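Working notes for the structure below.
The values are calculated or read from the model by the stated rules, or taken from the named source; none is laboratory data. Given the structure is predicted, the values throughout are model-derived calculations rather than measurements. Glycine also receives a Cβ, built like all others from the backbone with ideal geometry; neighbour counts cover every protein chain displayed. The accessibility values were calculated without ligands, DNA or RNA, using every heavy atom of the protein model including side chains. Shrake-Rupley method; radii C 1.70, N 1.55, O 1.52, S 1.80 Å.
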Amino acid sequence: MANQVIVEALFQEGTSQVRPPYFNGQYFSHWKVRMEICAQSYDVKVWRVIKKGNYPLPAAAQPHADPEDIYEYTDEQMAVVQVNAKARNLLYNAISGEEYEKISSCDTTKEM
């Protein structure tokens, strides 16, 4: 039984370079520092998005008929969309279910 508790704790906590540090509602300042380091090592632009807000989508030569149609995006626009999505993914994977309830209605990573 004790081994199961230890294993569960390890799976909640980030134990690799791929998995971000886990926030369960306690020790926010410690988690924040670890999360900043994790995000910067993943992609420095991702931490910038988390701290300052989403990168705005660069204007295209012609406006998109459907802004959700990614096939009409330029490579530059896709790079921006990708960084914004990476930041959001990193935060969602770093929080508990209780914390998810607090941020689920946020539109940007900065709001989260």
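General remarks:
- Applying the criterion of being modelled with pLDDT of 90 or more and in a loop (DSSP other than H, G, I, E, B) to the residues of region 60-104, the residue that is surrounded by the fewest Cβ atoms within 10 Å (Cβ to Cβ) is Asn93.
- Residue list for region 73-102, filter: touching a residue at least 24 places away in the same chain (Cβ under 8 Å) and of a type in the set (A, V, I, L, M): Val80, Val81, Val83, Ala87, Leu90, Leu91, Ala94, Ile95
- Cross-chain or 6+ apart pairs with Cβ under 6 Å, region 33-57 first and in a loop (DSSP other than H, G, I, E, B), then open to solvent by 30 Å² or more (accessible area, probe 1.4 Å): Gly53/Thr108; Gly53/Lys110; Asn54/Thr108
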